[in-house]
Structures are given as structure tokens and as C-alpha cells.
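Reading through the C-alpha cells given below for one structure.
The values are calculated or read from the model by the stated rules, or taken from the named source; none is laboratory data. Here the structure is a predicted model, which is why all the values come from computation and not from measurement. Please note: Cβ atoms are built from the backbone with ideal geometry, for glycine as well, and neighbour counts cover all protein chains shown. These accessible areas exclude ligands, DNA and RNA; they are computed on the full protein's heavy atoms, side chains included. Shrake-Rupley method; radii C 1.70, N 1.55, O 1.52, S 1.80 Å.
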Amino acid sequence: METAKKLKLKSSRFFEKEMSSKAQELIEEIKLKDRSHLRLKEWYKRNHYEKSLKELRKQYEKYFTIAKVDGRTFTAEQFVNQFEIPDIPCIITNTTDDWNVEKYWTFEKLYQHYKETCFKIGEDDKGRKLRLPFKYFLEYLVYNKDDSPLYLFESSVEDLKDGGADMIGRYKQHKYFQEDFFSMVGEKHRPPYRWFLVGPKRSGTTVHIDPLMTSAWNTSLQGHKLWVLFPPDIPKSIVKAKGLAAKKEIDPEVLDESIDYFLYALPKLIEKEGANNLKIVMCVQGPGDTIFVPGGWWHAVLNLDNSVALTQNFMSINNFDKIWRSVRDERPKFSQRLLEAFKEKRSDLYERALKLDDIDKNEFRVLKDANPLSSDDSSGSSSSSSSSSSSSSSSSDDD
């Protein structure tokens, strides 16, 4: 009841002692599919519901070193020169002044507009989307006591029934992120890039890199998110704390969920490696804040309270080279479609992509000549000399 009041919800369904039997039934069914290795009772075995996330926030305040700029006065040119070109994360404040947040993006307004719309809140073991009507998910958000709750993470906004598609027209593209070359192939052919997020308190995404080396922006409309970021040169084995788990210095289970990563893995990692050596960047993102995450940066996100956010990944002229190489190596069919779009619509990008391919072919030949015994391994491989960094979809929160 206290949560519903705080979120300014009005329906009586949010002021009962517990969620409705229908919501409970559907949620349990999804839980068993989304994390099939867990029994229902194990979803709240660590009692994180009783832990103070305010104290967790205080614990990390000394690492809140991210640069902050004011979106009301900071120009797109300044953003490109100070953050996008040098690949530096930042928070841009006051970025939703013209988004009509109170009209469209409060929990109550979302409930009114989309209560019957089915959103993705998980995946089964085969990667199939698990969907739930928003009215039941919002019940879950209000009543749940799970350690790491289910997270509404919807990428197919434009295809949603029951009014979901009109969501796209209810926010404006930030002036800093107008350019996105993936759009040249059309909505149906590009990889997922836009997500609508509703995260219950304690939900989040564990440490990852966004797909295809794309950069991302994430705008908070409701609630606060705790972020940790590591630059691309910090090895995957370190940021994911695999060494600590192998040595049994931490329980391997705490690497699976965002809240466990922040509560257990990250403090041990900082203690072991040192914050300076990790080049750690942390922050709390609040309503109206947009965080910029450069491509290749590791990041994890935890919702400190119930949150609503939008996020998009993009390819611009300033991150073109690393994204083209990643697309070419990881998604060859898509890279051909993208190259054809460049040839038709942007000859400069077409020539730039071909030049990068030539550079990589020449480097590959040099490596091959220097290591003749290993050259047999290259037959049938991509034309480039090396594959890009391993990446996973986020989220990201992206969250």
C-alpha cells in the first residue's frame, strides 16, 4: 500500500494485502521459465527486500566520478568533442523538459495507457520472449519481495498491440544522438536498438558490453539507477569477477544477478584489484538524467527504486570504425545489407567501410607472414585480422 501511494497509483488492485491470484499465477509461471534453475522459494532466499539500498548507495559514493553537464545549456558540438569522440561516459541532466513526463510517463499514466498491453518481462531457456499484461506486471512491482525481481525490458515497441506503438511518439530524440546509421537499412532489418524499461526496486542488469560495440544513451523518467562502468581495456575475466569465483573468494551465484554483483562481487573486486587499477566510474542516475555509455565500456545497473526508462543504441560517425568492424565480423549478412545502404545513400560511409576492410586485410597478411605455422587456421575466416570484443545484449539498461 505504501509503494502504491508513493507511485501515485489509483486503482484498488494496488491497495490490497497482496497481488491478485491471477497475477500471482501468471508471474509464477513466468518465473519457472525465466530462471528454470530456481525454485519459486529461491527467488527471495537472500532477503534482499530487507536490505537498505540507501546504505549501498552511500558505500559507493566515493566512486561517483562521472562527469555531469546540464542539457539545457550543453551543446551537441560540446558533447561530441568532450565525450563522444574521446569515448568518455557522462550524465546529461535536464533532458526530459519537453517529454511531457507527467502526461505520459508516470506509473499511473502508463497504467492508464497500457494496462492491457503485453510486454516482455523475461525469456525462457530457448530465448523465447515471456510476456505479461502491464496491469499484472505493475501489481508484481508493487507487491513483490524477490531478491532480483523480473524486469520489463521491451524492444519491439513499434510492434506492440493495444496502443503500445504510440509510445514512440511520446518522447523526442535528444539533440546529442540524432545520428544513427543503422536506420539506413530500415526498422525491419536492423538489430534491436530501442528498449522501454520498467524496473522494480532491486532489479537490474549485470555487467556486460552492449552489442556490436554500439554506444548507448539511457534516460530515466522515474526512479534512480546505480551504475558502474569499466573502460574497454579492463579484461572480461576481471570485471565479471570470474577469478574471485574460481578461487571461492565469492559465491559464483552472486555473479548472476545485478543486485548480488553490487552487494558482494563488486566490493570484493575493488578490494582485490583496487579502484584506480579498475578505472572504475560510478554514478546514480535520477529522473531527467540521460547517461551516455560509449561502445565497448563494461557496465552494470541496479534500480535503487521503482524506475521507468528509455534507452537506445546507435552508430554515428564518431564510433563508426569500431562498430563497422564488429558488425562485419559478428553479423556478416547484416554487414552486407548495411554496406549496400551506405553505397546507395552515403558514398562517404561506403568508402570508409571498404578502406577499413583493406586496412584489416593488410594487417592480416602481415600477421600471417610473421606466423606461417598458424596460417592454416585462417582459411574460411572473416576477411579481418581479428574479431571484435565479445558482447551481449542488454540491455543495459542500459540499462
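A few comments on the model shown:
- Entry comment: accessible area of the stretch 252-297 is 33 Å² per residue, from protein heavy atoms only and a probe of 1.4 Å.
- In the chain, helical runs assigned H by DSSP with n ≥ 4 each contribute -39500 (n - 2.57); averaged across all residues and rounded to the nearest 500, the mean residue ellipticity at 222 nm is -8500 deg cm²/dmol.
- Label assignment, Rg and Dmax of the Cα atoms in Å derived from the structure, set (i) 28.1, 91; (ii) 21.9, 73; (iii) 22.0, 66: (ii)
- With 30 Å as the limit on Cα-Cα distance, the pairs of Lys62/Lys248; Lys62/Lys247; Lys31/Lys279 that go past it are Lys31/Lys279.
- Think of the chain as having a plus end and a minus end, set by charges on the Cβ of Lys, Arg, Asp and Glu; of Ile359, Leu221, Ile323, Leu221 sits farthest toward the positive end of this dipole.
- Per-peptide average of other Cβ atoms within 10 Å, ordering 187-194, 24-31, 321-328, 296-303 highest first: 296-303, 321-328, 24-31, 187-194
- Global geometry of the stretch 159-217, whether rounded, prolate or oblate, following the gyration tensor of its Cα atoms and the 1.5 cut on a/c: oblate
- Peptides 214-225, 78-89, 54-65, 145-156, ordered by how many other C-beta atoms sit within 10 Å of their residues on average, highest first, read 214-225, 145-156, 78-89, 54-65.
- Separation of the alpha carbons by more than 29 angstrom is noted, of Lys120/Lys240; Lys17/Lys126; Lys115/Lys172; Lys188/Lys322; Lys109/Lys145, for Lys17/Lys126.
- Solvent accessible area, Å² - Arg352, 1.4 Å probe, full protein context: 90 Å²
- Percent of beta bridges antiparallel (DSSP, the chain, rounded to nearest 5): 90 percent
- Extension gain (nm, one decimal) between Asp97 and Lys268, 0.36 nm per residue minus Cα-Cα: 57.6 nm
- Remark on Phe119: its backbone amide H falls under 5 Å from those of Leu132, Phe134, a criterion applied only to residues 5 or more positions apart or on other chains, H modelled at 1.01 Å from N.
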